[in-house]
Each structure stands twice: as C-alpha cells, then as structure tokens.
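Derivation of every value follows stated rules applied to the coordinates shown; laboratory data play no part. Everything numeric in this text was worked out from a predicted model, so none of it was measured. Using ideal geometry, Cβ is built from the backbone for each residue, glycine included, and neighbour counts are taken over all protein chains shown.
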Number of protein chains: 2
Amino acid sequence: MTLTKKPMNGMKDILPAEMRIRDYLISMIKETYGSFGFTSIETPVVESLGNLMSKQGGDNEKLIFKVLKRGEKLHINEAETEEDLSDSGLRYDLTVPLVRFFSNNENELQRPFKALQIGPVFRADRPQRGRFREFYQCDIDIIGEPGNLAETELILATSTLLERIGFKGFTIKINDREILKSMAAYCGFRPEDYDKVFIILDKMDKIGLEGVVSEIENSGLGEHASKKTKELFEELKNSEMPLEMLESILADHIDKSVIENLKTIIRCAGNASGVYNLEFDPTLVRGMGYYTGPVFEIKIGDFGSSVGGGGRYDKMIEKFTGQDIPACGFSIGFERIITILLEQGYKVPDKKRIAYLIEKNMPADRLLEIISEAQEERKTGNEVSMVTMAKNKKFQKTRLEAEGVTGFKEFYINPIL
Amino acid sequence: MTLTKKPMNGMKDILPAEMRIRDYLISMIKETYGSFGFTSIETPVVESLGNLMSKQGGDNEKLIFKVLKRGEKLHINEAETEEDLSDSGLRYDLTVPLVRFFSNNENELQRPFKALQIGPVFRADRPQRGRFREFYQCDIDIIGEPGNLAETELILATSTLLERIGFKGFTIKINDREILKSMAAYCGFRPEDYDKVFIILDKMDKIGLEGVVSEIENSGLGEHASKKTKELFEELKNSEMPLEMLESILADHIDKSVIENLKTIIRCAGNASGVYNLEFDPTLVRGMGYYTGPVFEIKIGDFGSSVGGGGRYDKMIEKFTGQDIPACGFSIGFERIITILLEQGYKVPDKKRIAYLIEKNMPADRLLEIISEAQEERKTGNEVSMVTMAKNKKFQKTRLEAEGVTGFKEFYINPIL
C-alpha cells in the first residue's frame, strides 16, 4: 500500500518558502482592501452545474471538474450523458458564485455591497508551465453603485495594494465598451458584427494594426469598414490626446456623458505621485462579453500579459435575478503576482527565527526552565522552535540555517562550564 | 435562465460578520503557531482516489465526493463501478495529504518538519445543524521528532492560541496508547480484542462505567476481563494520583519509560498560571487506529464534545513510504471554535469604519480632494468607504450603521454654509 507521491496532474503542493509570500500577500490584500471598506465573503468550492453552465463563463464552462452524484441519485448503468452522472462541479471563477451569493443573501448585505473574495478555482486546462488546474483568484466587486465612484474605488484600492507590495511604474489601461461600440459604428460595422470586431481588436498587442486590419478584411467584415478602422487607429496612435480626439470624431455616435465619465475616472483614480499611470487605451477590449461600461487592465513592466483587470457588468445580476442592479469588479492575477514576487526573490518582512537545540533526555525540571525561556522569547515576536539536538550538530545547524533559522541556543544536560 | 440561489445541499455561504471572526482566527493561528516555528503549507483540494481510499481515513472513506474523469478517460457506456468513472476526489481531511506532501517534497523540508495547514475539507455526511459538507480543518504536525518535545510543543502552541483568543478554564486530557494496551493486558483481554475494547472504553463519557462494563460483557469479550475492568476503573476513579497508581499496578505490563514520558509532557506542557488543566485521563482513546503513543483532546467548559485533539502516529509514514519516520499532530476544531465565538457574540478588535456620503454628480475637481482626504484617513488605519449619497439619506445612514459603519462624513456639490 504505497501512496502516489505526486499531486494530481496539473495541481501542485505549495512549499513553505512560497507559502510565506502567499500568506503575506493575502494579509496585505485583506488589510488594504479592508481599508477601502471591502468585506470578505466566502462561497463553497462546489456549485450546482446549472449555475456553472449558465453561459456567463464563456470557454471556462468546457473546463469544469464535475462531481459524481452519490447514493440513490447515481444510476451508473442507465447513465448516458455526464449530466446523468453529475449535478455539481468545482467553480471556475468567483463571479458566478458572487452573483449567486448576492441573490441568496441580499437582505443581509450592505448596499452598495463591497465584496472581497480570495480562494481557489479549478479549470481542467491543459497543464503547462506556470498554469495550474487549481489556482487562487482574488476579486473585489461593488454591487449597487451606478456611478463612477465604483470604478474609482476599485482602481484606487488595487493600485494602493500594488504600491504597498512594492510595484512601481505599472500601467492601468482603461477604455469603455460604449466607446468601442461607437468606434465600430463610426467605422461602419454592422451591430451584429461588433463582438467579432472586438475579438480581433483585442489582438492589437500581439499582431499590431496591420495584423488587425488584415484579419478584419479576411473575416469578411467589410472592406470599407476595415479601411476606416485603419485610418482611425493610425490617427489615434499619433494623437497626444486620443480621448479628446475621439470626443470630437464620435460626437454623433456617443452620449457625451460616457466620455466625461471616463475622464473623471482617469482624473480621480490617476496617480499624482507617478507610481503608476492610468491611461486611456482605445484598443482595450477585455474578453468577457458581459461588460457594459468602463473596462480596465493592469500591466506591470516586462510582463507582457495582464496581471489583473475588470470592468462594469451592469446587466449580469438582472439576467440571473430579474432585478436591475449595477455591478463593477476588479480581479487581480493572484498567481501571476506570486510568480513575479518569487522571480524577484521577494523577501517578506521577517522576524528572528531561533532554534533551541536541546540535548536528548533532558530532565523535566530543566526542560521546564527552557520552555519558560522560549515562551518569553515568543512574546517578544521572535519565532522559537525547540528541536532535539542531533548527533551531528554541525550538519543540523547548517541545514537549519539553510531553511531560514537565524540563530541558535544550545541546552545541555550538564552545562558546559 | 435563473440561478439556483441556495448553495449545494449541506454547504454554506459565509457572510461578512462571520468572515471577520474567521479571518481574525486565521491570523491568530498563523501568528501563534508561527511563533512556535510551524510553517504553512498547502496541498490541492483534489487528491487521487488511491490515496484517499488507502484505509487510513476510516469511515470518512465512505463520504468522499468523487470527481468525474474527463475527455478520453471517461467511457460512460462501459462504466460499471464508480472507479470506472472517477480517479480523484475531494480530500476529507488534511492528514492523508500531509503524508503525501511529505513524501513528495521530503528533500526540501526541514527536519523536524513542523507543518501548519488550514483549509477546506469535504465529507458527504448527512447535513445537520452545525455540520456542513465543506468545512475548514486546522492541523499542526511535527514530522521527524521522536521524543516528547513534539507533544510538548503541540500542546503548548495550541493552548497558547486558545488563551490568546480568550478561552479560560479549559482542559486538555492526555493518555497513551501503550497505557491503554497494558491496561487491557492487565485486565486479561486478548490482544486481538484490544481495538474492540478501546472503542467501548471511548464511550465512558456518555454511558458511564456501568454502561462500559455491560457492553464489554455483552460483546463476549470475557467475563473475567470485564470484572477486572470494573475494579480497575473504580480504583482509578477514586485515586488522587491515577497515573502513579497505574505505574505500580501495571509494573509488569509496561515499559517504565512510557509513564515517565507522559509525566514529563504533563509537567512541561501543563499550565502554571492555571488558565487550563493538562490532566491524565485513562479513559481517553481517540478514535483513529493509527495512533501509537500519547493521545490528547481539548474540552472547553460546557461544550461537551471535543474542540480538538491529536496524538503520535509513528507508523503511518512508514506504511506509505517505507521509511520509519516518527510523527505527531494536533488538530483543532476550527468550525467548532468559530461556532463558540459566534454564540458568545465575540467582537474582533476593530478599527473605525467611516462612510463618506458623496452627493451625486460631484465635479471631478472636488471629488479629487475628497479622495485625497479618504486616502490620508486610510493611512491612519481607519476604514473609509466612498458611497453615493442616497435620496433618503436618513434611511441610508441607519442601514449603514446597522452594518457596522461607525461614522459619516457628508460631501455636497454646494457646501452648506
């Protein structure tokens, strides 16, 4: 009867060195978001399949780990589909559970409700370097705030967090779904093609304007529209003030208040001290179809891809509960931030770690004194671990030092005089 | 497309008020156990079924939530048993994962390795009041320490934690599996019946000595042995110093060092200040069959059942990995402690919570000033939440107060002079 030593395919054990950084990040998250009035909540890891497969999860719905029915509910021989075998699964994000949580507990929640969630989610993705099938997500959401105070608080809270962990020179890009739509209208795309256009536009980072334009052409979205797209984005690229430029170009296609709103957010959530930039990016799309207003995304230095993002999703709660309640959220890439901190050799602000090496068979009287000493030292904030002294003491100390012990005290049955 | 509002049967949403206590307890656990040199680790929620069903989990192995195989591995039409459909499941405790973790990462771990685990486990138990199908466990374990320093540190660390949370007058009971065995030998039971005898003895709390003796008789474990059991436990009950009494009675049946060892633990991990009692209890069994030496259990005041327990399980790692490595652990009843704290109306040491009520459509210039003020106030440790002022301000304030807001500031577009 031997155990399988490895975790399940695509999952991982987290060792003490990484856990120290994770615990530290979690405590910084709880403290910082807490100071902005976000309150922690938690939902079960297991959700009903009906909720998980309600079409809000996009491609993630194909990656669900399903949980086998139990007892009388399970009829293996008659089963023909996965739904015959399973009615629940592991959550793939924290958004579907949040919406369920809100509708289940609405009467007991503050309005606006400012939620903080940190926890594991599961996706049966093809395992690859740095991507796991179980990983943490960290989301903040504001439910019930229709105005730009929500976006402002979300961006300020998240940038304050990143600053406190020590990140500098990062950029938060911001756009608005309404601006995207009016640009598409201005270029002459048909409304039913907007989503296709946005998916292509989203690739600007990777394939550049030339690539985007040729993909639009090849997708049969209209030659005229693809030309207009090329012109528009060339102008935007060369403009010092792209938002102001759009304001005049799009005057006929967009409510003026949309651009005013975005300007207010950029002004209020921007960072005067210059630790980060909050800037308008007309090519920012954010994948999920449920966004309705401002969308935003964080980029840190050389890490090409996003380390977090979010936006306003005013219609999602209505879709689930029938009530028209506005909502806005920001999700930080918890695992990505951990990876960056590990690669930087980040050191958590730390205390002294003392090992008390105690000779074997120490009499109880003397041991009692040693324990008192340890308990006193612990009260001063030091970490004290009592360890039986090994025969090869030198090797033992080298090894303990390698694992972070910063000092030793040795205790012998017959004190050396 | 409406969502199921309720969590899955037997699982629960955790609301802000409870989360505040949970977060506080977790931070106290990490801080206190950290000061004793325990380091946090984490393992995946999903483990291989082979590991979960390796006969260490007792009855819990019947309560596993199994995860459906995916893709090419899943053949629904040919499936006849659950094992055809599933090769992994949700963990039901943190001990099996710890042993797997240790054998997977042994070379990178300190020796002795002092692990702290806090996390969700899953059991498909019949849901009932206060018992859920997903709940947190919190375990500390010391792997590689053969001597009583391990038991002493585990008991000291746990009692220090309980003291810090504010528990007083609790009792930690301690016994040793070797003493149980030698008592059974002394009474004349056959070695192959010991486990049965211990299961009955474990009920002493509920059915009393009379009940225990009659159940032993009815189980056909020998009339003579049941008489001796009655005599022995009556003597122990009336004895002021039961451990010393056993030392002389059992002299022929037990290695003297076992009782010496227990005396040292009681002396060293006992509490001089009288906040708790550490006392020998010859009827303490602890259910799991894998214990090999000292076992212990915490009882708090009126809460009849245990709020935590543990013991030495020196043979378990060998069973899994072939290596003879001693181990000892203590598990606190995380959910039970939360329940007690909630029932006591426990208040987490708290900061000021200020709501900034901001009139709708506040101009950006003025909003920027308000935000600066909020950011400064957050730095002082206060919680500040910016909220759009409602039409019915009085109702809004009453509601925010009910949810824990302790103060307000109001901001108008045209300041009231």
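Observations, loosely collected:
- Backbone geometry of region B:125-137 corresponds, through the Karplus equation with coefficients 6.51, -1.76 and 1.60 at θ = phi - 60°, to 3J(HN,Hα) couplings of 6, 5, x, 8, 3, x, 10, 10, 7, 10, 8, 8, 10 Hz, x marking Gly and Pro.
- Protection proxy ranking for A:54-63, A:116-125, using the average of other Cβ atoms within 10 Å per residue and placing the highest first: A:116-125, A:54-63.
- Structural descriptor for region B:353-411: relative contact order 63 percent, calculated from alpha carbon pairs under 8 angstrom and at least 6 residues apart.
- Gaussian network model of chain B, Cα within-10 Å springs - most flexible of B:E373, B:E234, B:E383: B:E373
- Peptides ranked, highest mean first, by Cβ atoms within 10 Å: ranges A:225-232, A:69-76: A:225-232, A:69-76
- Averaging the Cα positions of each part gives two centres, and for region A:347-417 and region B:25-59 these lie 25 Å apart.
- Lys/Arg +1, Asp/Glu -1 at C-beta; the protein assembly as shown dipole; positive extreme among A:Y92, B:M241, A:G287: B:M241
- Cα gyration tensor, region B:353-411 - rounded (a/c under 1.5), prolate or oblate: oblate
- Within a Gaussian network of chain A (alpha carbon springs, distance under 10 Å), most fluctuating of A:R267, A:R129, A:R366: A:R366
- Note on chain A: GNM, Cα springs under 10 Å; of A:S88, A:S273, A:S48, the largest mean-square fluctuation is that of A:S273.
- About its Cα centre, region B:154-227 has a charge dipole of approximately 340 debye under the convention of +1 per Lys or Arg Cβ and -1 per Asp or Glu Cβ, with nothing else charged.
- Number of partner chain Cβ atoms within 10 Å, mean per residue of B:368-379: 3
- Prolate/oblate/rounded call for the protein assembly as shown, Cα gyration tensor, a/c under 1.5 rounded: prolate
- Among the residues of B:177-187, the average count of other protein chain beta-carbon atoms within 10 Å of the residue beta-carbon is 0.
- Average beta carbon contacts from partner chains per residue of A:48-59, 10 Å cutoff: 2
- Percentage relative contact order, chain B, counting C-alpha pairs under 8 Å, at least six apart: 16 percent
- Contact order, relative form, for region A:110-150: 50 percent (alpha carbon pairs under 8 Å, 6 or more residues apart, mean separation divided by residue count).
- The amide H of B:I254, built 1.01 Å from its N in the peptide plane, has no neighbour under 5 Å, considering only residues 5 or more places off or on other chains.
- Sequentially through region B:372-377, phi angles give Karplus couplings (6.51, -1.76, 1.60; θ = phi - 60°) of 4, 4, 4, 4, 5, 5 Hz, Gly and Pro residues having no value and appearing as x.
- Net charge of Cβ neighbours under 14 Å - reference A:Q117; Lys, Arg +1; Asp, Glu -1: -2
- Alpha-carbon centroid distance for the pair region B:282-327 / region B:83-159, whole angstrom: 12 Å
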